[in-house]
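Here's the structure, in structure tokens; my notes come after.
Values quoted throughout were computed directly from the atomic coordinates according to the rules given, and no laboratory measurement underlies them. Quantities reported herein were computed from a predicted structural model and do not represent experimental measurements. Neighbour counts are summed over all protein chains in view; Cβ atoms, including those assigned to glycine, are modelled from backbone coordinates with ideal geometry.
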Amino acid sequence: MIRIAKVLLPTDLSEYAAGAVPYAVEFARSFGAALHLLSVVDAHWVGPVVNVEFPGQVEDTLQFHRQAAERGVRSLADEISGVAVRTEVLIGAPHVEIVRYARREEIDLIVLATHGRTGLAHALIGSVAEKVVQMAPCPVLTVKHSAHEFVMP
């Protein structure tokens, strides 16, 4: 029998990430698992951009984004009922922090939304979901946003 005691839902609090919420909640409810909501402030984008425009303000900007993410995951947690929810906000590279968190907390399943970027955007930004799938210590369910429906060629 498959044992799922901890489900991790990484979220950037976007519309795309919201599509994975029902899946993560349902898995947590069905298995009686705890749901971990994790948001990662991407220091690799915030830091260099802010440092160029406003030298010396990187730490303040990261903390500003961290506080906004904390409010966002708490608000999301308040909307979820019927499961135990734990929230966490980290600063770093999203795929690295998601995988570290999954290892540290002994997560049994990661439910992760995909943004569906292709072409140049995918090449420049990369796919957090793709990297998590490759590096995760547990199974990963990726949820595609409904706007990116599959169309047969």
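Overview of values
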{"read-out": "Packing-based order for 8-16, 72-80, using average beta carbon neighbours within 10 Å, highest first", "value": "8-16, 72-80"}
{"read-out": "Residues with amide H under 5 Å from that of R86, placed H, sequence gap 5 or more", "value": "L35, H36, L37"}
{"read-out": "Trypsin sites (Lys or Arg not before Pro) within segment 1-43: DSSP coil, no more than 16 neighbouring Cβ in 10 Å", "value": "R3"}
{"read-out": "For L141, residues with placed amide H under 5 Å, excluding near neighbours", "value": "I110, V111, L112"}
{"read-out": "Long-range amide H partners of V41 with built H, under 5 Å", "value": "L90, I91, G92"}
